[in-house]
Amino acid sequence: MKRALAGAVLAFGALASPAWAENQVVTGLDVGLKWDKEAVSIQPGETVTWTFPGTQQAHHVAGNGSEPADPAWASFNSPLGVPAPDASFTFATPGVYRYVCTVHSSSMVGTVYVGTAVTPPALLPPNQQPFENQDASPVTLEKVDEDKAKPRLTSVSVRRASGHAVRVRFRVDEESTVQVRLTRGGRTIKTATVEGTGTRSVTVRGARPGRYRVELRATDIAGNRSPLKRTTITVR
Amino acid sequence: MTPQQPPFGAGSNRRDFMRNGFSSLALVCTFAAQSSLKGAEITRSTAPTSAGRRFKAATPFTPFSRDLPIPPTLSPVSTRQGVDVYAMDIQEGLTEILPGFETPIYGYEGIYPGPTIRARKGRPTIVRQTNKLSFDSNVHLHGGYVPSAHDGHPMDVILPGKSFDYTYPNDQDAAYLWYHDHAHGRTAHTLYYGLVGSYLLSDDREEELGLPTDPEFDIPLTIADHAFNKDGSFRYSENVDLGFRGDTILVNGAVSPRMAVKRRLYRLRLLNASNARSYTLKLGNGRTLLQVASDGGLLEQPVLRSTVLIHPAERIELLVDFRGFRPGSEIVLQNIDGESAGTRNVLRFDVERGGGAEEFKVPRGRMRTIEKLPAPNASRRWDLSLATASGVQWRIADRGYDPERIDVRPRLGTSELWQWHNPSNRIHPMHLHGMLFRIVERSSGVIHPADRSWKDTVGVLAGETVTVQPWFVPYTGRYVFHCHALEHGDKAMMLQLEVER
């Protein structure tokens, strides 16, 4: 019993002690969803430990690739967790071993070189290198000019036209819908609508002879309404 | 070419693509030169043309540099006997997303997003889809009442070189439907690379209400996050847990674009076509947004919102009134959940001249009456969880997808209560094919008024339990229900139901 305990302490010490620095620790990172080391190099008999301190995403580590030099590596598969528990593997057989977090299998990949020469990572072609969006242009959420001004109706003139018609001219200072109404005794007899801006005119036809009140009001695109403009005309 | 490779990723096309890649790199240099010229004030673009803005853009990711692209509306190839027949090719394509770069995509008609179909209630359409890709594909009309054989079930595929005539009865109320690839196990890849399009179904009711239906003012906005490689190609990285996250938001295939608007009433139809990202959208400094419709069409009444949360595959229709703003006004639609500038900036509205008489109206009061559902005759609980027993897999009720197994057999015309129980720490947008449901209870609080109409997808939040009531109409047959975080659905968060007579 005592001997077993001593052995366990020794094993623990081997992991923690810098004197045994050939053992390697690989850390899984949420940022970039990658390992802090994409390649580690050890001697046969040494151990690699994968850790996931403080991660918010589900990770783990597993052996990747077919027919590894050590068949045990093929079934190496640590449990998933947030954060995942540490996992270790002692590599006895020289060879090249790939590891992966299967949750993030396109970015969280790496290689353990056991007693073999490290192959420098190949320079990736442009279609595999990230083109990161690092835009930080200042953005103004709103630059608005709200239209709360009433449209202005000016130069209103009314004259008789031939055929029981009334010709109304006016000027409006912004794009508006102008409604012209002919009323008599409080009742609306005729209406006409004109859209536009600047000087406009409209002819209201078919009014019977008599004296009419003429009312104009402009409504702009925003829905602001001008004060009512009034005048009178006698149709003959 | 294996389907898990990007478009143009292999074979004889690869060399062409690489050539494009290198010319694009040459353009990066040109870009830098242009920027420095601009810095020295030597050049000044006076006309506010798209090219001018692009010229001034500091990087290909500068927001609001490009005009919002509007996918073309597809014209029928025949309109005989009250049926509109359309034809589309599912094919590879090249598109310019980052100015000066070509991005290889898969696309309906080779474009991203695919062409828009505008259909009419009561008038069936047939869409002949021809698969010109080198692997199986199929088409799911998301949100549609579609007979099982035409629904785009994961196992019903169009082989390379073959065609299939999808028949859509359009016998349902107006709604923003969308079509996308649904071949088994690869939607995260195929939708990401572009197999997405809008299908706008209209009816008399929305016209009575005076909602904008003119394509100039009725605009589908397909929102999706993406990432890029140095040659301009889409960059995809697997994330089975969270789902894919990109650092750039595309709207209709352009990086955070600008949309020139007249002083008019606009109907903005938002589709979250992202693999797995949810958005909380806010207009300007928090201007109110009027939501009129969700997945299954009109709400019972318009709902005023200060922010809009939209999960993958959900649709939200907003009416935005630009009449009160003078030309020159600019208002940004932001994703306040974004973790970077690139994922916050969605779209900027630039008010331009033009407006005048508005023929469309802002509806007030009741727009629609939702049919009463039959009393539920069963109650089911679906636990949503991540399993690691046989590789990393998401599960529903501890099951992964098995096309040979039917998980539920409801009777046609009945309804049930389905409880989505999500103890995981991820959002699961749960989607039911071929049918609609209503949300009846949420453990996280009251059901938002905007979520009380017909739905086909509900975002079940982390730790939340959401009870929905599906109505098993109008067709019998085999359908699927699944998580629409595409990495989850592909890795096997999908079950099957068979509606029986």
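The string of couplings for the stretch A:31-41 from the Karplus curve (6.51, -1.76, 1.60, θ = phi - 60°) is 5, x, 6, 9, 8, 5, 10, 7, 8, 10, 10 Hz, one whole number per residue in order, with x for Gly and Pro.
Report, in deg cm²/dmol and to the nearest 500, the calculated mean residue ellipticity at 222 nm for chain A, where each DSSP H run with n ≥ 4 adds -39500 (n - 2.57) and the sum is divided by the residue count. Walk me through the numbers on the way to the answer.
On the way: 1 runs with 15 residues, N = 236.
Roughly -2000 deg cm²/dmol at 222 nm, from the helical runs in chain A.
For the stretch B:80-200, a Kirkwood radius taken over Cα pairs fed into Stokes-Einstein (37 °C, viscosity 0.692 mPa s) yields D = 226 µm²/s.
Provide the gained length on full extension for the span B:L290 to B:A397, in nm with one decimal, where the gain is 0.36 nm per separating residue minus the Cα-Cα distance. Could you put the intermediate results ahead of the total?
Working: separation 107, 0.36 × 107 = 38.52 nm, distance 3.74 nm.
Here the segment from B:L290 to B:A397 would lengthen by 34.8 nm.
For chain A, the solvent-accessible area works out to 56 Å² per residue, with a probe of 1.4 Å and every protein chain left in place.
Would you work out if the stretch B:379-499 is rounded, prolate or oblate? Take a ≥ b ≥ c from the square roots of the eigenvalues of the alpha-carbon gyration tensor; rounded if a/c is under 1.5, else prolate when a/b is larger than b/c, oblate otherwise. Oblate.
In this rough spin-label picture, where each label sits 7 Å from Cα along the Cβ direction, the A:S162-A:A122 distance is 9.1 nm.
Summing Lys, Arg as +1 and Asp, Glu as -1, what charge do residues with Cβ under 11 Å from the Cβ of B:L201 carry, B:L201 excluded?
Values: positive: B:R118, B:R120, B:K121, B:R123; negative: B:D171, B:D173, B:D203, B:E206.
Combined, the nearby Lys, Arg, Asp and Glu give 0.
Short-range pairs are left out: with C-alpha atoms under 8 Å and at least six residues apart, the relative contact order of the stretch B:218-351 is 29 percent. Largest GNM mean-square fluctuation among A:V25, A:V112, A:V139, using chain A with Cα springs under 10 Å: A:V139.
Remark on B:R264: its backbone amide H falls under 5 Å from those of B:F322, B:R323, a criterion applied only to residues 5 or more positions apart or on other chains, H modelled at 1.01 Å from N.
Suppose accessible area is computed on protein heavy atoms with a 1.4 Å probe; arrange B:K132, A:K37 from highest to lowest.
Numbers: B:K132 125, A:K37 65 Å².
Putting B:K132, A:K37 in descending order of accessible area: B:K132, A:K37.
Of B:V320, A:V109, the order by accessible heavy-atom surface (1.4 Å probe, DNA, RNA and ligands excluded), from most exposed downward, is A:V109, B:V320.
Measuring nothing but how far apart in sequence close Cα pairs (under 8 Å, 6+ apart) lie, relative to its length, the stretch B:308-366 scores a relative contact order of 31 percent.
Remind me, relative contact order of chain B in percent, using alpha carbon pairs under 8 angstrom and six or more residues apart?
Working: 1341 pairs, mean separation 67.2, N = 501.
Averaging sequence separation for qualifying contacts and normalising by length gives 13 percent for chain B.
Among the protein heavy atoms, those of B:W420 account for about 10 Å² of accessible surface (1.4 Å probe, every chain in place). Taking label points 7 Å from Cα along the Cα-to-Cβ direction, B:V77 and A:V31 give a separation of 5.4 nm. Taking amide H atoms as placed 1.01 Å from N in the peptide plane, the amide H of A:A39 lies under 5 Å from those of A:T111, each 5 or more residues away in sequence or on another chain. Stretching the chain fully between A:Q43 and A:T232 yields a gain of 57.4 nm (0.36 nm per residue, less the alpha carbon separation).
Residues of the stretch B:299-367: accessible area per residue at 1.4 Å, in Å²? Don't skip to the end; give the middle numbers.
Values: 2600 Å² over 69 residues.
Averaged over the residues of the stretch B:299-367, the accessible area is 38 Å².
What residue among A:E67, A:E195, A:E38 shows peak mean-square fluctuation when chain A is described by a Gaussian network model with Cα springs under 10 Å? Highest fluctuation among the options: A:E195. Roughly to the nearest percent, how much of the accessible area of the protein assembly as shown is carbon and sulfur, given a 1.4 Å probe? Here it works out to 51 percent. 3J(HN,Hα) couplings calculated from phi for the stretch B:488-497 with the Karplus curve 6.51 cos²θ - 1.76 cosθ + 1.60 (θ = phi - 60°) are, in sequence order, 6, x, 5, 10, 5, 7, 8, 10, 10, 10 Hz; Gly and Pro show x.
Between A:S75 and A:K143, full extension at 0.36 nm per residue minus the direct alpha carbon distance yields a gain of 18.5 nm. Residues of the stretch B:280-299 with an amide N closer than 20 Å to a point placed 7 Å from the Cα of B:V446 along the Cα-to-Cβ direction: B:288-294, B:299. Residues whose amide H lies under 5 Å from that of B:H182, counting only those 5 or more places away or on a different chain, are B:N138, B:V139, B:H140; hydrogens are built 1.01 Å from N in the peptide plane.
Within the shell defined by Cβ-Cβ distances under 12 Å, the residues around A:F52 carry a net charge of -3, with Lys and Arg each +1 and Asp and Glu each -1.
Rounded if a/c is under 1.5, else prolate if a/b beats b/c, else oblate: with a ≥ b ≥ c from the C-alpha gyration tensor eigenvalues square-rooted, which is the protein assembly as shown? Since a/c reaches 1.5 and a/b is larger than b/c, the shape of the protein assembly as shown is classed as prolate. Taken across both chains, chains B and A shield about 3900 Å² of accessible surface from a 1.4 Å probe. Note that the stretch B:82-93 has calculated 3J(HN,Hα) couplings of x, 10, 8, 9, 10, 9, 9, 9, 8, 8, 7, x Hz, one per residue in order, obtained from phi through the Karplus relation 6.51 cos²θ - 1.76 cosθ + 1.60 (θ = phi - 60°); glycine and proline are x. Computed with a 1.4 Å probe on the full set of protein chains, the accessible area for A:K190 sits at about 70 Å². Residues of the stretch B:306-349 that lose at least 50 Å² of accessible area (1.4 Å probe, protein heavy atoms only) when the other protein chains are present, relative to their chain alone, are B:R326, B:E330.
The values are calculated or read from the model by the stated rules, or taken from the named source; none is laboratory data. No experiment lies behind these values; they were computed from the predicted model shown. Reconstructed Cβ throughout: ideal geometry from the backbone, glycine too, with neighbour counts over all protein chains shown. Heavy atoms of the whole protein, side chains included, go into the accessibility calculation; ligands, DNA and RNA do not. Shrake-Rupley method; radii C 1.70, N 1.55, O 1.52, S 1.80 Å.
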